[in-house]
Ligand SMILES: NC(=O)c1ccc[n+]([C@@H]2O[C@H](COP(=O)([O-])OP(=O)(O)OC[C@H]3O[C@@H](n4cnc5c(N)ncnc54)[C@H](OP(=O)(O)O)[C@@H]3O)[C@@H](O)[C@H]2O)c1
């Protein structure tokens, strides 16, 4: 992810370059957020980036998406125990978990993906992203649904820039 911005290695190590870079307003969407890979690897990896200063809470929001009907607090509780490097009860873990939202929907119908797009767009509007919005999709899903999910992303969730 550090390759997304043009920073020096010292800036990358401190995270400062990312925060000051012109690339702002990033939405990270984890599809299959209810699953094993997401909770054990994906969210902890994002937490690690957050701790190192590569994800700035002013610019970044994280959206979990899956079919399971859970609340965002349920999702945060599932993830909390897997956040490594710092005490999961620490202020850092809590502020990281607050960046996460959750949308429930299927992988093969447009309703859920339109709801997801609406949530992302709301965040982008609040942040005044304008033409600087970026959306990064991570598929923590079985390959059997990749094709359908990619079609849905293309049809419903591309940014408007
Ligand atoms: N777990 C790991 O540590 C790990 C490591 C390396 C690679 N992987 C690979 O990463 C992918 C995801 O792994 P995972 O362990 O997270 O799998 P998983 O928990 O079985 O699936 C992830 C999520 O996908 C949805 N899902 C599961 N089966 C589905 C199906 N047949 N059709 C549609 N949706 C389905 C479920 O969410 P909803 O029902 O809520 O939609 C589930 O929570 C797999 O290809 C796996 O081989 C996993």
Quick calc: nm separation of the 7 Å Cα→Cβ label points for residue 77 and residue 144 -> 2.9 nm
Relative contact order of the stretch 72-161 (C-alpha contacts under 8 Å, at least 6 apart) in percent is 27 percent
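Here, each number is a calculation from the coordinates, and none is a lab measurement. All values derive from a computational prediction rather than experimental measurement. As a convention, Cβ positions derive from the backbone with ideal geometry for all residues, glycine included, and neighbour counts pool all protein chains shown.
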